[in-house]
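For reference, the structure is listed below as structure tokens.
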Amino acid sequence: MALARALSGTARKVVVGVGAGACTGLLAAALALARPDLAESLEFASYDPRVAAVARDERASREIVLVDIADEDLQLAEDHLSLSWPWPRELHGYLVDFAARGGAKAVILDFVYQDRGASASDLDAFALALRKSGRSVLGVAMPGRVESGAGGALAGTWGASLGRWPDAERARDAALQIQSWNVRTYLVARGAETELLFGGRQSAEDVQRSYERLLGAGLLEKLMPEGRSPPASVAGRELTEQERAAELSAVQVVRSRDLLSLAAPPGVRFPAREMLPPVSMLAASAARLGNVVQSTDPDGVLRRHLPLVEHGSGRFMPSLALSAFLVGHPEVTPRLEGADLVLGERRLRLDERGSFPIRFPAGEYRHVSAWSILRAQAQLEAGETPTLSPEVFRDKYVVVSAAARALRDLRTTPVRENHPGAEINAAALDNLLSGRAIRRLGAGWDAAFALALAALTALAVLLVWSLLKSPSLAVIAALGILAASGFGVWSLGLWLLRAHGLWLALSVPLGGAGLSVVASLLATNFLERGERRFVEKALGQYTSKVLVRQLLARPERLSLEWGETREISVYFSDIAGFTEFSEKLPPERLVKLLNDYLTNMTDLVLEHGGVVDKYIGDAIMAFWGAPLPEPEHARRAVRAAIAMRRRCEELRPKWQAEFGTVVVARAGINSGPAVSGNMGSRHKFNYTVMGDTVNLASRLEGANKPYGTVLMVSETTFAQVRDLVEARELDLLAVKGKQKPVRVYEVLDEKGRVPPLLQEAVAHFGRGLGHYRNQAFAEAIAAFEQALRVRADDGPSRAYVDRCKHLLDHPPGAGWDGVWRMKEK
């Protein structure tokens, strides 16, 4: 504020306005820094259209091919193979075989295989295809929390031994296959051999029933060591704690093979997830597993890809897309450097949640139907030329997914309302392959941008506001600047996203800019109002507050060229005998008396809406009807004059006691047209009123003296107040310098307030005035003397007695018009 007071004019307004805008900008910066849900929701509204616009320029990678199991494929399989959905796992194996035969870098099956399928042999065939390809990636569900008992066999402590295997690897394979029958398996080292136990049951009877199922399925015959047969029965028992600790599970397989050991950087919080793995046999046969659970933003739109989820301290499961990348790039070891996920020469910036915004392409990836692959696979096995060559998958990433209407995994993304999940995974893989994911700028950048935009926009609006005089043009210009700022910010955000893959927050900065303009204009307006009040108060000490408000509202009137004609009433007054007692009083006491008198009289002028034009010593000049039109200017002026006379009467004893003088003020009022405007020189001028109306008012004030009156008004004034006051006609008067006479009146008081004696004296005076105008001067003297007997100090009657005596001695003659012509002002 000290700085604001030190400045002036436009500079002060700019400082205060920009300060208010910057304060609003600080609020916007705080929101941008904190990123609350509401601010994020607003940001998504500006981000999604940008992503959609940029997507139109993005081309889908030719390295990625999508294999669709669509409605037509389901129908053809049913027609030709009599197979309905879900297909046997062996058919999935055919798809893997065909893509691998063509030289695919990775075959991604966007499914979570958590059951063994139609049969053990079907599962074996699929597992064999996975192992044979060496490039398959299966989905694994990584929810935030796994319900107790979900995703595996029962957790009982009873089990039984199936025998000992000399080959630990074959024992492991057998254990994995047996798990497909919803039992737990345990591998316990017994010297050079490995004992295979199964269980997870609640009792010996449950163990026996499970064994009978395994035996009846013919599974054990194939799994037993060479030269051994499965036992006819097993003896169920409660397994020891050491045996249960040797459990082999799909989770263990996946953890040992697929989890990445990484050090999470500060500021990035990867979500911690549990695991629901596929069937153990498939989990072990795939090259890698990848997390398929991706989270949407609070509005239900999927904008980001989560490449890693934490599963145990410092251990991370890759997403399906990242696992596919790693299978296709076995030479790459992922690492985290700061907030960057580093994949060889590729770097992708992760946000605070460990995800990156997906750069979606506009064009579709190449699609191949699953049935065309099954048919080509059958043709190859029959030694025929396939209708689809495996070479279409050479060096490709093949994503197999269900695309039938009833099977599709559809999500809402910024570019599509119903976006197939397989295509979203393909887009994420595309970003990993190119290293061109979108990078969201840090909250600090957003905050700095919000603050800068708010301050600069407020400054621009305030500068234009100060230059334009018309408020309407200033408002239009301010709106134009806001619109231009919005367009410019949008263009900047779009360019950053398209050219550099940078996501700059726009909604909060734009909202902050708009609010900052409002805040700065309000602050400036408040300052202007404060300055206006100060100027009104300060200038009001020198001139009329009404005039000050008019000049502040219309500053163009502050020139010598401004003037206009108004119907006004003008008031002049001075103190009778002022020259005499001013010579007797010391200067300081005279000043004190005058200031007290002028203050009281001025207060009454202002109370009645008048303008004090000037003080000339003890004289006061005031007017009504300018600078604002006032239809009741005469009534206001006369009321003010009566109030001033009454105030003088009230204060006269006080002034006489304090200063030893009797203060009597005489006043004259005239109404009519006058010119109001500025008068003076280029260096100094005053607002005033000019013309004959003003001159006559001044003469009427002086004319009070010979008549012994204190308030004289002209006929034009009386005509407008005759219903308001009691008055008596005084004379037909031609003031000095004027030939045309004016009928003048003495204002006695407001209606109903004239004392009876004064009323009686005025009645006698009226009769005397009639005789006077008929040149019956003797009769007139008698009437006037009768008035003096009623009221000895009646000044007009005394004046007419003297005048009539003179006219008796000097008759005026037949041409006398009754007009009294003043020789003095």
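The values are calculated or read from the model by the stated rules, or taken from the named source; none is laboratory data. Treat the numbers as computed from the prediction; the structure is a model and nothing was measured. Virtual Cβ from ideal backbone geometry, glycine too; neighbours counted across all protein chains shown. Just so you know, the surface numbers come from the protein's heavy atoms only, side chains and all, with ligands and any DNA or RNA stripped out. Shrake-Rupley method; radii C 1.70, N 1.55, O 1.52, S 1.80 Å.
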Problem set entry | Nonlocal amide H pairs with residue 350, under 5 Å, H built at 1.01 Å | 340, 341
Exercise. Got a sec to turn the phi values of region 175-187 into Karplus ³J(HN,Hα) couplings, 6.51 cos²θ - 1.76 cosθ + 1.60 with θ = phi - 60°, whole Hz, x for Gly and Pro?
Worked result: 4, 5, 5, 5, 4, 4, 9, 6, 10, 8, 10, 9, 10
Problem set entry | Chain lengthening between residue 678 and residue 662 when straightened (0.36 nm per residue, less Cα-Cα) | 2.1 nm
Problem set entry | the chain - mean residue ellipticity at 222 nm from DSSP helices (-39,500 (n - 2.57) per run, n ≥ 4, rounded to 500) | -15500 deg cm²/dmol
Exercise. What is the set of long-range amide H partners of residue 411 at a cut-off below 5 Å, with H atoms built 1.01 Å from backbone N?
Worked result: 419, 421
For this session: Loop sites only, by DSSP: take the GluC sites (Glu not before Pro) in the chain that have at most 14 other C-beta atoms within 10 Å and name the longest stretch containing none of them.
Result: 562-823
For this session: Report, by chain and number, residues whose modeled amide H sits under 5 Å from the one on residue 64, excluding near sequence neighbours (fewer than 5 apart, same chain).
Result: 397
For this session: Report Rg/Rh for the chain, rounded to two decimals, where Rg is the Cα radius of gyration and Rh the Kirkwood radius.
Result: 1.44
Exercise. With axes computed from alpha carbons, what is the tilt in degrees of helix 9-34 against the longest principal axis of the chain, rounded to the nearest 10 within 0 to 90?
Worked result: 20 degrees
Problem set entry | Accessible area (Å², 1.4 Å probe, nearest 10) - residue 806 | 100 Å²
Exercise. Ignoring ligands and nucleic acids, what accessible area does residue 482 show with a 1.4 Å probe (Å², nearest 10)?
Worked result: 60 Å²
Exercise. Too long at a 27 Å Cα-Cα cut-off: which of 614/736; 584/823; 132/222; 584/654; 736/805?
Worked result: 584/823
Problem set entry | ³J(HN,Hα) computed for each position of region 721-727 - Karplus, 6.51 cos²θ - 1.76 cosθ + 1.60, integer Hz, glycine/proline x | 10, 4, 7, 9, 10, 9, 8
For this session: Mind checking region 658-766 for trypsin sites (Lys or Arg not before Pro) that DSSP puts in a loop (not H, G, I, E or B) and that have at most 15 other Cβ atoms within 10 Å?
Result: 682, 684, 722, 736, 738, 751, 753
